Amino acid sequence: ERVASLIDRLAAIPESDGQSLLYHSLMVWNTDNSSGAAHTIEDVPFIMAGQAGGRLETGRVVTHPSQTKHNRLLLSIARAFGHDIEAFGPREYCEGGPLALFGDA
């Protein structure tokens, strides 16, 4: 409920270009484990809200193989916001490069 409330509040704040603050933002929410009882780290869901200034298409579900490191998602986000970096965290966790989420991977 709190995440949904924050999303609604960001969507209600207009920016000078007529878009909302949510449109210009990217909020990432996730849990530490995919299964709390087993503390597994495979298939951890991430929820992203906002369009990162039009860089991210919304209203879709994107899946990747269960062994995909979340560092590749973080690398994708950093690059979408103009940071020309090769890795986010250990290089081996970014093998395969950024995920194809923002149209640049």
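The values are calculated or read from the model by the stated rules, or taken from the named source; none is laboratory data. From a predicted model like this one, the values you see are computed outputs, not experimental measurements. Glycine also receives a Cβ, built like all others from the backbone with ideal geometry; neighbour counts cover every protein chain displayed. Areas reflect the complete protein model, heavy atoms only, side chains present, ligands, DNA and RNA absent. Shrake-Rupley method; radii C 1.70, N 1.55, O 1.52, S 1.80 Å.
Please go through segment 34-71 and pick out each residue that is of a type outside the set (Gly, Ala, Ser) and open to solvent by less than 50 Å² (accessible area, probe 1.4 Å). First the steps, then the outcome.
Here is the first cut: in segment 34-71, the residues of a type outside the set (Gly, Ala, Ser) are 39-48, 51, 55-58, 60-65, 67-71.
Those that are of a type outside the set (Gly, Ala, Ser) and open to solvent by less than 50 Å² (accessible area, probe 1.4 Å): Thr40, Val44, Leu56, Thr68, Asn71.
Considering only segment 72-86, how many residues are surrounded by fewer than 17 Cβ atoms within 10 Å (Cβ to Cβ) and either touching a helix residue (DSSP H, G or I) at 6+ places or on another chain (Cβ under 8 Å) or acidic (Asp, Glu) (or both)? Walk me through it before giving the result.
Initially, segment 72-86 is screened for residues surrounded by fewer than 17 Cβ atoms within 10 Å (Cβ to Cβ), giving 78, 81-86.
If we keep only those that are either touching a helix residue (DSSP H, G or I) at 6+ places or on another chain (Cβ under 8 Å) or acidic (Asp, Glu) (or both) too, we end up with 81, 84-86.
Residues meeting the conditions: 4.
Confirm whether Ala12 is at pLDDT 90 or above, open to solvent by less than 60 Å² (accessible area, probe 1.4 Å), of a type outside the set (Ser, Thr, Tyr) and out of contact with any Ser or Thr (no Cβ under 6 Å at 6 or more places or on another chain). Explain how you work it out, then say what you get.
Working: at pLDDT 90 or above: yes; open to solvent by less than 60 Å² (accessible area, probe 1.4 Å): no; of a type outside the set (Ser, Thr, Tyr): yes; out of contact with any Ser or Thr (no Cβ under 6 Å at 6 or more places or on another chain): yes.
The answer is no for Ala12.
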What's the number of the condition Gly50 fails, among (1) within 22 Å of Glu95 (Cα to Cα); (2) within 13 Å of the chain's Cα centre (by Cα)?
(1)
